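Some notes on the structure that comes next.
The values are calculated or read from the model by the stated rules, or taken from the named source; none is laboratory data. This is a predicted model, so every value here is computed, not measured. With ideal geometry, Cβ positions are generated from the backbone for all residues, glycine too; neighbour counts draw on all protein chains shown.
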């Protein structure tokens with residue numbers, strides 16, 4: 001039985017990572033390879049020749065097929081061996097095949113479906129509004145590798161109470177954690193296949209990062225939103241922005257983000273992120289500054305503590321097995337963990353049904369849902 005939710009789309013690579021030359025990547029404990037055919041269409045196959053188990057990613061493309069570097073067997077986009085050079089005429093070898101996975105391209109990302117191919121439906125991928133408004137936002141992106149279970153990264157994103165302690169660049173000068181908490185309104189909403197964690201801080205100065213990047217005055221009081229919608233298993237649509245009090249939100253600095261964490265193994269993961277901005281969109285220096293800011297926050301601050309947590313947890317991936325003390329700020333990540341565990345368990349049942357696009361779309365209600373007891 002799989003330990004992962006399988007009938008969903010996972011990020012496999014950024015579109016510009018993949019060309020005719022195969023890209024090897026371990027995803028969900030599987031060694032996989034991705035390349036493009038002569039028409040530019042992505043192909044994702046198991047990265048292990050069934051003959052002597054050589055990595056196909058070390059081979060070369062011949063037409064639209066991949067040739068094993070060891071003995072020259074070729075495999076088509078379906079994973080079937082189409083050419084055996086060691087038999088007369090070089091015909092197909094039906095006994096040799098590798099697994100092929102459904103793959104699609106959207107939002108500048110190649111997504112793969114590790115579950116039942118019959119359930120693969122492009123409409124199931126949640127819509128990310130800012131990535132469909134590319135004329136409004138300037139985008140930058142990045143990819144990290146984290147030596148920790150992917151759910152630890154989700155925990156870290158859904159609970160931003162750590163920012164005051166881990167991310168000094170996002171702190172507010174002269175404001176301590178208690179003051180920041182008092183100025184913050186939070187709301188948690190649970191849907192059938194999503195969690196909304198709503199956070200709005202009002203009446204405090206802007207964080208140093210917003211002042212530096214977008215010229216917000218040090219003494220200007222602002223609203224700052226960090227609303228996150230989590231979709232199982234590991235996608236977060238992060239609606240962030242800062243704007244002056246008593247002014248329309250649209251006039252502020254909006255920085256919407258997409259975070260997708262794909263398991264590499266139980267104890268490691270690939271962290272994809274895309275960030276947009278609606279101000280200074282033609283300024284390349286801001287691109288570099290944003291990437292540096294996110295590198296500082298994610299790679300140099302979040303990543304070390306997440307990896308240290310995993311080392312202390314050892315091989316354990318479910319934090320509940322270690323009986324953690326839970327704080328009020330843990331409501332969102334714990335809710336996400338519970339929902340994900342429920343969905344994985346449901347998927348194991350024989351009479352599972354195809355997920356619908358409606359299940360993957362959040363419909364926000366005005367009333368807050370109380371936290372689980």
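For the stretch 25-60, how many residues are in a loop (DSSP other than H, G, I, E, B) and farther than 15 Å from residue 262 by Cβ?
So the first thing to find is which residues in the stretch 25-60 are in a loop (DSSP other than H, G, I, E, B), and the list is 28-29, 37-41, 47-55, 59.
Filter once more, so that each one left must be farther than 15 Å from residue 262 by Cβ: 37-41, 47-55, 59.
Number of matching residues: 15.
Kindly establish whether residue 33 is surrounded by fewer than 19 Cβ atoms within 10 Å (Cβ to Cβ) and either at negative phi or at pLDDT below 95 (or both).
On the way: surrounded by fewer than 19 Cβ atoms within 10 Å (Cβ to Cβ): no; either at negative phi or at pLDDT below 95 (or both): yes.
When the stated conditions are applied, residue 33 does not pass them.
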When (1) surrounded by fewer than 17 Cβ atoms within 10 Å (Cβ to Cβ); (2) outside any strand (DSSP E or B) are applied to residue 203, the one that fails is (2)
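Residue-by-condition table, conditions (1) surrounded by fewer than 16 Cβ atoms within 10 Å (Cβ to Cβ); (2) more than 21 Å from residue 182 (Cα to Cα); (3) touching a strand residue (DSSP E or B) at 6+ places or on another chain (Cβ under 9 Å):
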site: 249; (1), (2), (3): yes, yes, yes
site: 265; (1), (2), (3): yes, yes, yes
site: 271; (1), (2), (3): no, yes, yes
site: 281; (1), (2), (3): yes, yes, yes
site: 289; (1), (2), (3): no, yes, no
site: 300; (1), (2), (3): yes, yes, no
Matching residues in the stretch 163-187 (surrounded by 13 or more Cβ atoms within 10 Å (Cβ to Cβ), touching a strand residue (DSSP E or B) at 6+ places or on another chain (Cβ under 8 Å) and closer than 14 Å to residue 208 by Cβ) number 3
Select, from 76, 64, 47, the only residue that is within 14 Å of residue 32 (Cα to Cα) and either out of contact with any strand residue (DSSP E or B) (no Cβ under 9 Å at 6 or more places or on another chain) or in the same structural domain as residue 112 (by TED's automatic domain parsing) (or both). 47
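Looking at this structure, is residue 147 over 21 Å from residue 297 (Cβ atoms), in contact with a strand residue (DSSP E or B) (Cβ under 9 Å, 6 or more places away or on another chain) and surrounded by fewer than 19 Cβ atoms within 10 Å (Cβ to Cβ)?
Working: over 21 Å from residue 297 (Cβ atoms): no; in contact with a strand residue (DSSP E or B) (Cβ under 9 Å, 6 or more places away or on another chain): yes; surrounded by fewer than 19 Cβ atoms within 10 Å (Cβ to Cβ): yes.
The answer is no for residue 147.
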How about the stretch 91-185: which strands (runs of 3 or more DSSP E) wholly inside it have at least 3 residues that are assigned by TED's automatic domain parsing to the domain that holds residue 68? 103-106, 109-112
